[in-house]
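The structure appears below as C-alpha cells.
The values are calculated or read from the model by the stated rules, or taken from the named source; none is laboratory data. Keep in mind that what you see is a predicted model, and the values were worked out from it rather than measured. Ideal geometry is used to build each Cβ from the backbone, glycine not excepted, and the neighbour counts take in all protein chains shown. Just the protein is used for accessible areas: all its heavy atoms, side chains included, with ligands, DNA and RNA removed. Shrake-Rupley method; radii C 1.70, N 1.55, O 1.52, S 1.80 Å.
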Amino acid sequence: MSSVNALKICSYGAPHPSPSTFFQLPVLRRMAGIRYVSCLSSSLRPATARASGLRSRYVLARTLATANVSPFAALDTFADRHLGPDNNETTYMLKKLGYDSMDAFVAATVPAHIRIPQDHVTNDTIPSLSESELIQRAKALGRENKLFKSYIGMGYHNSVVPPVILRNVMESPAWYTPYTPYQPEIAQGRLESLVNFQTMVMSLTSMDIANASLLDEATGAAEGMVMAFVASHQKKRTFFVDKHVLPQTISVLRTRAKGFGINLVVGDVLADLREEAARKDVCGVLLQYPDIDGTINDYASVVESVHASGGLVVCATDLLALTMLKPPGEWGADIVVGNSARFGVSLGYGGPHAGFFACTEKLKRKMPGRLIGRSKDATGEPAYRLALQTREQHIRREKATSNICTSQALLANMAAMYAVYHGPEGLTRIARRVHAYTQILNTAAQKYGFKPQNKEFFDTLTFDASNIPGRAHAVHAAAAAKGVNLREIDDLHVGVTLDETVGPKDIVRLVNVFAAAGPDNHDPVTWSDLEPTETLSLPSTLRRESKFLHHSVFNTHHSETEMLRYIYHLQSKDLGLVHAMIPLGSCTMKLNSTTSLMPVTWPEFSAIHPFAPIDQVKGYRQIIQELESDLCKITGFHACSLQPNSGAAGEYAGLSVIQAYHESRGEGHRNICLIPLSAHGTNPASAVMAGLKVVPVKSLPDGSLDIADLRTKAEQHKDNLAAFMITYPSTYGVFEDGVKEACDIIHQNGGQVYLDGANLNAQIGLTNPATCGGDVCHMNLHKTFSIPHGGGGPGVGPICVAEHLAPFLPTHPVVEVGGDQGIEAVSAAPFGSASILLISWAYIRMLGGTGLKKSSQLALLSANYMASRLSGHYALRYKNTNGRVAHELLIDLAEFDKSAGLKVTDFAKRIQDYGFHPPTCSWPTSTCMLIEPTESETLEELDRFCDAMIKIREEAEDVVTGKQPRDNNVLKNAPHPQAVVISDIWNRPYSRETAAYPVPWLREKKFWPTVSRIDDVYGDLNLICDCPSVEETVDAQ
C-alpha cells in the first residue's frame, strides 16, 4: 500500500481527501497541516483539534523536494532539507500559475537572450555532497590546518569563548537568524544587548557615545579619517598616521584616502608634527595605543598641538588594555576605534569580528554606522530602537561619505555578553593575569640575551635579537619546533603578544623557545624557575584610575545560571527564522542550515591567526580556493576576491578595481558613474567613496530602466565614463529585457559594468552576471549563500571579475593575495570574514549545481505564487510582459493612504500581530512593500503569510468604509503586545481578540511583540544610547 493511500485510512472513520483533490481545498483548510499526518477528526476529538489548531485537519504527508528512487541514494541529501516546497507543492503552484512544467515557467520569467546552457550549473560542474559527506570532508580539511599557538598579535588575539555564550548565542538560531532590528517591537532583545555593547565601549574608552559596531578595526579607522576630513569642511586634505599603527589599517586607509583625495602621510607622530607648519593642512591624526610593538606612549602633547591646529585625534586601541590604562577619552581623543574580538570571539582566521567606534558628543551626528537608542512606546514604556537612522549614510545616496549598510551584530552581542558575564572585576582579573604573564616572559627572555625594545607594556613585547646567533630567524625556527608562532618583524626583531588563553605551561614553552635560540646552551626551565614581577610595567601617568562598567547589567549575571537566563530572556523578545518566514525583499532570508554552521566553531578553523604561515593553513586555503572557483562558475567570471566583508564593501572594492583598470590604461580621468534612480542607496554611496561622480539614470513608468536616457548620458559622458551600476533582477523585482543592451551601451562608450549581485538568488543556473554583460559583480554570501544575518551582521561581499580586471583584485600588506597590480586592502584581514566562508562553501557543496539551480527556480516560483495570491487584494506594482515577477514582488499601498490615512508603517506593524516580520518597507518606492519568500519556505508558510496579508486588507477596508475610525483602528494601534491586550483598560473600537488573534492559527502558535509602537521622533530628540544607570534601574523597580 502506498504511503498516501495508507493515510486515507483513519481509525475514527473521518473522510479525507485524495491527493488529487487535496489542493482544491480552500487555502485555510490545507494551509497549516501539510507536514503532519493526522487522522483525528475535529468533530470526534474537539479538545485535541483546538489544542493543535488547524494542523489536525490535514492528512496528506509531505514528500521530499527531490525524488531519489534508488535504495542506495544518500538519506541525508541537503536539498531535501533546504528546499521548502516538495514536488507536490511545486506542481500545485505551477498549475495555479498556468504552467505544466518548471521550464515553461522559467521561460516566461527569465528573458531567453540571457539564459545560460542547461549544463552550465549542474552536479557535473559543482558536485553535490550529502550532509554527512560534507562533515567528513570538512573534518579532513580541518586536519590540514596546523594548530600552532599564535602570539603574533597585530590586532588579533586568542580568546576564551565562555561555553554559555558559545552554545547559547553563537550557535543559537534564535540569535543568528533574525534580521537587522529595523522593526524594534519584535527585536527588543538584541537591541538591549547592542546597547550593552555600546555602553561597554563608551565606558572602557571614556567616550561620550559609541555605535553598535563596525566591520573591523581598519574600517573604523578609515571612517574616522573621513570624519576628520569632513569636520575640516574638506579644506584640510592631509591625514597623518603614526608609523606604529597596524599595517593592515594603514593599507585600508590608503585605499579609502584615494577615493576622497586625502593625502595620507605615515610618519613619527611624536617627532614629525612638532612644528606648526607641519600641522597646517592636517585634518586629523591616527595613533595606536598601545602601538603595534607594545609601546605605551603619552600622546598629550600631540593631542594639544593637533587640536590647536583644528584637527581631530583618532585613537586605535585595545579594550582589555583599557581596563588598566588611562582611557583615550581622558587624554583628549576625539574618535576611538578598535576590535572587540578578544572579548570572547574566536580568531577565525581573521573574522568576523566586531569593530567598535566611539566619539565625542559634538561629533555624534556625524558618526557612521548603526546606533541604538532608548525611546518610549505608545503606552509610555521605555523601549530601544535604531536611533538617527539616517546615520546609515547610504540613505543620502551620492551625498554620503560612508556606504555602511551593516554591522557585526552577532559578534558585538557576543562581546557584550562576555562583558556582562565577567563584569568589571572579572575583566580586570583577566587583564592583570595577561599583564603578569607578559612581565614574566619579559624578565626571562632578557636572561638569554634578548633586549626589550619597550620597557613599559601591557601584553606585547618586542625584542632585539641582534646579539643572538641566527638572530630573529633562529627564534622563529625554535618557536616552530615548539608549535608556536611569533610575530615576524625583520631580521633583528621578534614580537610576542599574550592573551587570556595563556597559562603557566604556555609561558614555560615560550621561555624555552627563547632559551633554545639564545647564545648558550641552557637547561629547559620549569614554572618554578620563573618569578613574577611585583610592580606593574605600565607608565605611572597612564594607569587607569576611573571606574568602568558600573551599570547594573555588568554586575549581575556572573553565574552561569543567571547568564543563561539573561540570554534566554533577551532572545524571547526577538522574532527570527525560528518563528516564521522573514519575507524581506532584497534580503533573502533563507535557511541557515545547522550542518553548514557546524565547522565554524571547530578549533581547527576557529583558532587560526589570520597571519599564520601559509603551510599551517592548507585546509583553509583549499576551502577558499574551492569557494572562489564555485563562485566564478556561478557568476561566469574569471577571478574572485573574498576580502570584502560586507555587500557595500564589495561594491566599493569592485568600483575601486574598475578605477585601477582605467588608470592602468592611462584613463584615470574617467570618473563618471551612471546609476539608476531605483538603485539601493549603497550604490551611489560606494561610487562616491571610490572617487566617482554619480549621474542618475531614469526609470520608466513600468519600472524598467530608461534605455534612451542611459544612451544619452553614456554618450554625453563618453570621454569620462568610468562605470555603470545596475542591480539584476532590478530592485523592482523584475528581470528586465534590456539589460544586455544597457551593458553594450556602456562598453561602447568606454565604461565598465558593475552588476550588483544582491539579487543573485534569482539567477543561479538560469543566467549569470557575465552573460548579462557585467564586468564585475559582488555577491552577498549572507543572502544568496546562506550565511546567517546574525541580527544585523556579519556579512560577506566577495567580488568576481572578468579576466581583464583580475590583475587589480585587492591585495594585503601581510599575506600575499590579490592581483599583481591589485588595489590596497579593503578590509583588515586578507580573506575578510574567513571563518564564515565555511558556511557558503558547505552550502554550495551540499546543494551541488543541480540543487543551486532548483533553489533559484523555487525562489522565482514562490514569489510568483504569492504575487498571484495577493493580486486582487493589493496592487502589484511591476511585472514583465508575461505577468511574471522575479524572486520578489512589490505591492503598492498608496491607495490606502488616500482613502483611509493608512501608511506603509501601519501595515508593517499590523503584520507583527500575525507573527510575521514585515516585508521591506518603503523601498525602493516609499509607498510599497517588497516581499521576498526564498526557496526555503513551504507552501504552507507562503499561504499563511498571504492569508495574513489578505486579512489585513479586510481590516484596512473597514477603515476605508468607515466601520473603523481613521485615527483609532487595529492598524494604527498595531502592534498589540500582551501588556496592552490584558490591560484593565480597553477603550478601542475593536475587541481584544481581534487585536491578538485575528486568525485561528495564532491560538496554537503566536509570537508576541514585547512593546507597543515605538516613538521614533522622541528617541531622536532625546538621544540616550547607553544602559540605564543604577539609579534608573532602581527607580524602574
Scanning the stretch 926-940 for residues that are in contact (Cβ under 8 Å) with a residue 60 or more places away in the chain and touching a strand residue (DSSP E or B) at 6+ places or on another chain (Cβ under 7 Å), which turns out farthest from Thr961 (Cα to Cα)? Glu932
Please determine whether any residue of the stretch 738-750 is within 24 Å of Ala222 (Cα to Cα), surrounded by fewer than 24 Cβ atoms within 10 Å (Cβ to Cβ) and of a type in the set (Gly, Ala, Ser). no
Take Arg254 and decide whether it is in contact (Cβ under 8 Å) with a residue 12 or more places away in the chain, crowded, with 19+ Cβ neighbours inside 10 Å and in contact with a Leu (Cβ under 6 Å, 6 or more places away or on another chain). no
State yes or no: is Thr199 in contact with a Pro (Cβ under 6 Å, 6 or more places away or on another chain), in contact (Cβ under 8 Å) with a residue 40 or more places away in the chain and among the polar types (S, T, N, Q)? no
In the stretch 982-999, which residue that is exposed (fewer than 14 other Cβ atoms within 10 Å of the Cβ) and either of a type in the set (A, V, I, L, M) or touching a Gly at 6+ places or on another chain (Cβ under 9 Å) (or both) is farthest from Thr379 (Cα to Cα)? Ile982
Unique residue being at positive phi and touching a strand residue (DSSP E or B) at 6+ places or on another chain (Cβ under 7 Å) when the list is Gly733, Gly793: Gly733
How many residues does the stretch 514-540 contain that are surrounded by 10 or more Cβ atoms within 10 Å (Cβ to Cβ) and under 43 Å from the mean Cα position of the chain (by Cα)? 5
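Condition check ((1) part of a helix (DSSP H, G or I); (2) closer than 28 Å to Asp103 by Cα; (3) open to solvent by less than 40 Å² (accessible area, probe 1.4 Å); (4) among the hydroxyl-bearing types (Ser, Thr, Tyr)) across all residues:
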| residue | (1), (2), (3), (4) |
| --- | --- |
| Leu852 | yes, yes, yes, no |
| Asn864 | yes, yes, yes, no |
| Leu902 | no, no, yes, no |
| Thr905 | yes, no, no, yes |
Test for Val511: is it touching a residue at least 40 places away in the same chain (Cβ under 8 Å), touching a Lys or Arg at 6+ places or on another chain (Cβ under 8 Å) and crowded, with 17+ Cβ neighbours inside 10 Å: no
With respect to Gln136, is the statement that it is part of a loop (DSSP other than H, G, I, E, B), surrounded by fewer than 17 Cβ atoms within 10 Å (Cβ to Cβ) and of a type outside the set (Lys, Arg) true? no
Condition met for Lys590 (of a type in the set (D, E, K, R), in a loop (DSSP other than H, G, I, E, B), surrounded by 13 or more Cβ atoms within 10 Å (Cβ to Cβ) and at pLDDT 95 or above): yes
Go through (1) touching a Pro at 6+ places or on another chain (Cβ under 8 Å); (2) surrounded by 24 or more Cβ atoms within 10 Å (Cβ to Cβ); (3) within 29 Å of Val817 (Cβ to Cβ) and name the single condition Pro247 misses. (2)
Here is a check on your reading of the model: is Val266 farther than 24 Å from Leu692 by Cα, assigned to a strand (DSSP E or B), open to solvent by less than 20 Å² (accessible area, probe 1.4 Å) and among the β-branched types (Val, Ile, Thr)? no
Just one listed residue, out of Leu930, Leu971, Leu889, is crowded, with 24+ Cβ neighbours inside 10 Å, over 30 Å from Thr682 (Cα atoms) and at pLDDT 95 or above, and it is Leu971
Hey, among the residues in the stretch 439-477 that are among the small types (Gly, Ala, Ser) and surrounded by fewer than 17 Cβ atoms within 10 Å (Cβ to Cβ), which one's modelled with the highest pLDDT? Ala477
Please verify whether Arg433 is among the basic types (Lys, Arg), modelled with pLDDT of 95 or more and open to solvent by 10 Å² or more (accessible area, probe 1.4 Å), treating the condition exactly as stated. yes
Which residues, taken from the stretch 884-893, are in a loop (DSSP other than H, G, I, E, B) and more than 14 Å from Met866 (Cβ to Cβ)? Leu893
For the stretch 101-125, the count of residues that are out of contact with any Lys or Arg (no Cβ under 6 Å at 6 or more places or on another chain) and open to solvent by less than 20 Å² (accessible area, probe 1.4 Å) equals 6
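Suppose the filter is closer than 27 Å to Leu215 by Cα and either polar (S, T, N, Q) or open to solvent by 40 Å² or more (accessible area, probe 1.4 Å) (or both); does Thr727 pass it?
So Thr727 passes the test.
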Among (1) more than 16 Å from the chain's Cα centre (by Cα); (2) assigned to a loop (DSSP other than H, G, I, E, B), Gly224 falls short only on (2)
Failed item in (1) surrounded by fewer than 20 Cβ atoms within 10 Å (Cβ to Cβ); (2) touching a Pro at 6+ places or on another chain (Cβ under 6 Å), with Gly483 passing the rest: (2)
Being buried (at least 23 other Cβ atoms within 10 Å of the Cβ), over 28 Å from the mean Cα position of the chain (by Cα) and not polar (S, T, N, Q) is the requirement here; does Leu287 meet it? no
Any idea which of Gln625, Gln643 is open to solvent by 20 Å² or more (accessible area, probe 1.4 Å) and either at pLDDT below 95 or not basic (Lys, Arg) (or both)? Gln625
Close pairs from the stretch 984-1013: first free of Cβ contacts under 8 Å to residues at least 12 places away in the same chain, partner open to solvent by 40 Å² or more (accessible area, probe 1.4 Å) and in a loop (DSSP other than H, G, I, E, B), Cβ under 7 Å, at least 6 apart: Arg992/Trp986
Can you confirm whether Thr390 is under 30 Å from Pro788 (Cα atoms), outside any helix (DSSP H, G or I), out of contact with any strand residue (DSSP E or B) (no Cβ under 9 Å at 6 or more places or on another chain) and modelled with pLDDT under 95? no
